[in-house]
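S.K.: One structure, as structure tokens, below. Some questions next.
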Amino acid sequence: MTELWSNERTDLVTMGSRYLRRLARHLGPDGGVVERQLPFVGVFLIALLTLLIPGVNVTSQREVVIAALLTVGQLIAARYLPWGRWPEGRQDVLPMIQLLAVAFLRTGTGGPGSAYTTLVFFPVITLASQRDRRGIVLAALGVAGVVLSPVLLTNTVQLTVDTGVRTLFVTLVAVVVAATVHEITARLRARSRALLSLQMDQAVLLDRARADALSLARVADQRRAARDALVSVIDSATEQAIIATDATGLVEVFNAGAERLLGYGQGEVVGRLRLTDFHDKDELEARRTLLFADDSPVDHPQALVDALVAPALAGRPEVRDWTYVARDGERMTVRLAVTRRSEADGTTTGYVVVATDVTSEREASRLQDEFVSLVSHELRTPLTSVLGYLELLTDGTDPLSDEQREYLTVIERNARRQLRLVGDLLLSAQVDAGRFSIAPSRIDAADIVRASIEAATPVADAAGVTLEGTVVPTPIDADPVRLAQAVDNLVSNAIKFTPSGGTVRVGVTPRGTQASGGADIVVADTGIGIPPDELSQLTTRFFRASTATRRAIPGVGLGLSITKAVVDAHGGSLAITSTLGEGTTFTITLPATPPG
């Protein structure tokens, strides 16, 4: 019951306070000033109504009227004076008027015995609630004046000891009340400021949280859109198998290309199979044994995953051939690129594998190599025999006529041309098989270039091409036979692709000091040139530039590939620059000593 009453009382107080604030807002821009006067005015009106009750002592209606006028006047002043423009201390006038009104009311209702003296605590509380302690002093003086008002406003009451003690005691109580109210108000005000500061901080944090939430939402939308776009791109790739896994190798993404290549459905793989389940186990085991100490179980799945992704995990994305086994048991060769996926802190979250079926390409390359090797061996032996018998015929005892010798010379020239072609085919096969090697020794690169110029001069003269040489002694370590073969290829190509009246310049210069700088060998022509989009393919085996095919210039496209292989074996580089219709420049850059 008590709790119910307390709740109802709280609701009534809250409701009354709400109505008072609403009334104050309707009273104007300084409604807060009016609001602080309303409690006193309300109780004062009640006091005036009690004066109408028979038996209530009213000794002077004049003082009561003055008190009422003072109360109404201070309420009007609170409503209409521009308190907002003045310092806050100016509002102390209003509670002082209230104290004066209480003094007149007390005087007119019995003086020292008046029951309305307690009204002084309303203005006392108002004064004490000010920010500084000035209100306490004014409250004390005002209460003392109210207590002494019968003595000060009339001649009928004399100041006595009792009046003096009462004045002091009431003033003391008022001071204590004022001080208590002031302290409580100060604390409430401090708490209000702290609460306001917290509310402002909360508002700032709330705004930041909203902004962060919006940013996160945008980022989430962007990541979702990026993921959808990535999934769309991955699914649209039907010629490559794209497989994404977690850090343990468990498949998370399996695109349509992977389904087509391996014969598995996406639902059969995602979350069920590991990346290594598609590989030839013997290959993986051989790789595991090569990379790691042979102390983990052979059938441990994570060991095989670690062996497959080891280069990517070490920051060296690897592209190499592996053997895949499809669902139906078919074996195929795939070119596999493994890339590590990681978070911003470097933590590995998984791997992305792109596999391309190169079974047909590898088989075609193998058959081509076998064909080149077979044909080369089958042709070389009879050509060598033909050249041997030609030499016997030429140097024989029976004299030959000039016409016969001319015929034999044609046969020998073509046989040697075919023998060079066979040699180039064999050398090309050795390069592709990784069996190409050089035998370096100390030579002068100038001698190689000078010999090449001398050998090519008759061909250049016959083609109407000027052959110029700039030769500077340049000692290096190189294979003289292979280097001469590379230079001869470049010089013969330059003469072949330069029209009559053109010029071919061949030069060799040392790089840095002759002892350690290496050599630059440059072959430049003023020939037909090469299209820019074909420069990167010139050193590919059997490739011929479109300018050569259109002009029906003879050749099989092996010279530059062999030259590139020779230069690479020496640890050098081959640079090619060309302009259509103006000419081409080949630059061989060789170190002073080949690597390894």
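Any read-out appearing in this document is the output of simple, stated calculations on the displayed coordinates, not a laboratory observation. What you are looking at is a predicted structure, and each value in this text was computed from that prediction instead of being measured. Please note: Cβ atoms are built from the backbone with ideal geometry, for glycine as well, and neighbour counts cover all protein chains shown.
S.K.: So what's the net charge close to ALA68: Lys and Arg +1, Asp and Glu -1, counting the other residues with Cβ under 14 Å from its Cβ?
M.R.: Cβ neighbours under 14 Å give a net charge of +1.
S.K.: Calculate the dipole size of region 180-271 relative to its Cα centre from +1 charges on Lys and Arg beta carbons and -1 charges on Asp and Glu beta carbons; express the result in debye to the nearest 20. It would help to have the intermediate numbers written out before the result.
M.R.: Details: 11 positive and 12 negative charges, 196 e Å.
Here region 180-271 has a charge dipole of around 940 debye.
S.K.: Charges only on Cβ, +1 for Lys and Arg, -1 for Asp and Glu: so what's the dipole of region 237-357 about the Cα centre, in debye to the nearest 20? Before the final figure, lay out the partial values.
M.R.: On the way: 13 positive and 21 negative charges, 48 e Å.
With Lys and Arg at +1 and Asp and Glu at -1, about 240 debye.
S.K.: Can you tell me the relative contact order of region 447-497? Whole percent, Cα pairs under 8 Å, sequence separation 6 or more. Kindly include the intermediate steps, with their values, before the conclusion.
M.R.: Working: 27 pairs, mean separation 28.6, N = 51.
Contact order relative to length: 56 percent.
S.K.: Can you work out the Karplus-derived ³J(HN,Hα) for every residue in region 140-148? Use 6.51 cos²θ - 1.76 cosθ + 1.60 with θ = phi - 60°, whole Hz, and x for glycine or proline.
M.R.: 4, 5, x, 5, 4, x, 5, 5, 8
S.K.: Determine one quarter of the surface area of the Cα convex hull of region 441-590, which equals its mean projected area, and express it in nm² to one decimal. Write down the numbers at each step before the final one.
M.R.: Working: hull surface 32.4 nm².
Average of the hull's projected areas for region 441-590 equals 8.1 nm².
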